[in-house]
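Below: the structure, in structure tokens.
The values are calculated or read from the model by the stated rules, or taken from the named source; none is laboratory data. Owing to the predicted nature of the structure, the values given are computational and were not obtained by experimental measurement. In this analysis, Cβ positions are derived from the backbone assuming ideal geometry, glycine residues included, and neighbour counts consider all displayed protein chains. With ligands, DNA and RNA removed, areas are computed over all heavy atoms of the protein, side chains included. Shrake-Rupley method; radii C 1.70, N 1.55, O 1.52, S 1.80 Å.
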Amino acid sequence: MTRAAYSTLQAVTDHPPSRFLFARCCMDLDLLQEAESALRDILQDPDRLVREDDVSETNRDVVGADVLQVEHAWCLLGTVCKRSGKREDAKAAFRKALAISPFMWTAYEGLCSLGQAPEARDVFVLPSEDAKKTAGGPGAAETQRASTRNLRPRKDNNEKKRTHDVMREVQVKSETGRAENDTATAASSASRQILRTLETLGRATRHLSRYECREALTTFTELPESDLHTGWVLVQVALSYYEIARYTSALKYFRQARDLEPWRTQGLDVYGSCLWHAKQEIELAALATEMETHERSRPETWCVVGNLYSLRLDHDSAIKAFERAIHVDPYYHYAHTLMGFEYKSKDALKEAIECLQTSCQIDPRPYNPWFGLGEIYYNQENYHAARFHLDRAITINPRNPISHFHMGG
């Protein structure tokens with residue numbers, strides 16, 4: 001279906017929303033250079049794009065059909081550049097998306113994944129020009145101009161009638177202006193509330209991306225109950241506990257997220273790894289069976305299945321499952337990492353090194369593959385290479401004691 005959409009949209013070159021969809025198809029088909037080219041062509045003609053704050057509720061549906069909002073183009077460009085290894089270009093694109101609209105959460109997540117996220121308090125604020133627009137309320141200036149214009153003396157035989165009509169018009173416009181001002185004030189208040197929530201989530205996500213897990217857990221507790229008990233937040237809390245090896249607590253929150261939002265696949269791969277560490281074979285088998293039945297097209301499914309086989313010491317079947325995850329998504333670095341450790345478990349060190357190196361190339365931010373490579377080289381007495389990789393692991397996650405232990409050894 002993606003290939004059919006790609007073929008249909010390929011010939012449409014003068015309609016930005018269609019080019020945006022074409023770029024999405026290119027990314028899904030791993031045609032990254034073509035996707036980047038399409039997006040840069042769009043962004044070279046900013047007059048045909050609009051900003052989020054230029055879209056009113058009355059014209060949102062029309063704009064969505066005919067005009068592409070520029071911040072979404074920048075955000076997708078950042079994702080494409082990140083996938084193709086152009087990290088500096090990705091950072092610049094994500095930053096531009098956020099500069100245009102502080103509501104672009106995906107852009108902030110992208111910067112966190114690149115290790116380049118600014119402080120959340122500097123991002124999730126309303127631009128000053130918005131405050132200026134809402135200060136007087138939409139229509140306030142127009143009402144004032146109408147009042148001044150319409151109250152000028154008129155000299156004719158129907159002066160009283162005209163004066164009455166003018167005053168009535170001014171009254172109606174004044175009431176309209178007040179209503180619009182109340183609406184703008186309510187919208188501004190809602191926007192600020194959303195941004196306060198995003199700011200809290202941003203601080204927590206930034207901490208977690210830097211492996212500052214205890215700080216992340218503390219920050220998540222600042223959320224109101226309605227936001228804290230959502231699938232996404234519960235998964236982030238579980239990941240925070242997992243990274244500090246508190247597997248019992250992590251499993252508690254993974255289970256809560258699963259019960260609350262059983263359709264959510266994000267984080268289930270780590271849920272499977274957590275069950276592997278906790279030696280919970282029955283629960284891991286149940287999760288693998290359920291996901292294999294309902295989510296066969298997700299790479300997380302095959303990581304869970306692979307963890308189950310790994311726990312049963314069936315390394316070959318585990319590797320086949322991880323290979324299937326990679327077949328579903330070649331850029332799924334976690335599957336490469338797990339497969340590397342699985343090869344290491346069966347002493348196939350050449351294959352293990354290749355898998356872990358691939359994981360580092362796809363995403364150099366996780367410390368696990370760097371640590372795995374350092375451990376392999378250490379056991380091979382290649383201490384220079386071991387020191388290099390362990391040093392990288394410690395730089396990424398200075399709070400992991402095992403990396404420090406191997407470095408000291």
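Worth a mention:
- Just one of the listed residues (GLU300, GLU295, GLU261, GLU283) is acidic (Asp, Glu), surrounded by 19 or more Cβ atoms within 10 Å (Cβ to Cβ) and out of contact with any Pro (no Cβ under 6 Å at 6 or more places or on another chain), and it is GLU300.
- Residues (open to solvent by less than 20 Å² (accessible area, probe 1.4 Å) and over 22 Å from TYR242 (Cα atoms)) located in the stretch 372-384: ILE376
- Taken over the stretch 359-371, the residue count meeting the criterion of being open to solvent by 10 Å² or more (accessible area, probe 1.4 Å) and not in a loop (DSSP other than H, G, I, E, B) is 6.
- Selection of the stretch 218-233 for residues being open to solvent by 10 Å² or more (accessible area, probe 1.4 Å), assigned to a helix (DSSP H, G or I), touching a residue at least 12 places away in the same chain (Cβ under 8 Å) and not charged (D, E, K, R) yields only TRP232.
- Residue, surrounded by the fewest Cβ atoms within 10 Å (Cβ to Cβ), within the stretch 323-358, restricted to residues that are touching a Ser or Thr at 6+ places or on another chain (Cβ under 9 Å) and small (Gly, Ala, Ser): SER345
- For the stretch 7-40, the candidate set comprises residues that are more than 24 Å from the chain's Cα centre (by Cα) and either in a helix (DSSP H, G or I) or in contact (Cβ under 8 Å) with a residue 40 or more places away in the chain (or both); within that set, the residue that is surrounded by the most Cβ atoms within 10 Å (Cβ to Cβ) is LEU9.
- Selected residue [modelled with pLDDT of 90 or more, touching a helix residue (DSSP H, G or I) at 6+ places or on another chain (Cβ under 9 Å) and polar (S, T, N, Q)] from SER84, SER56: SER84
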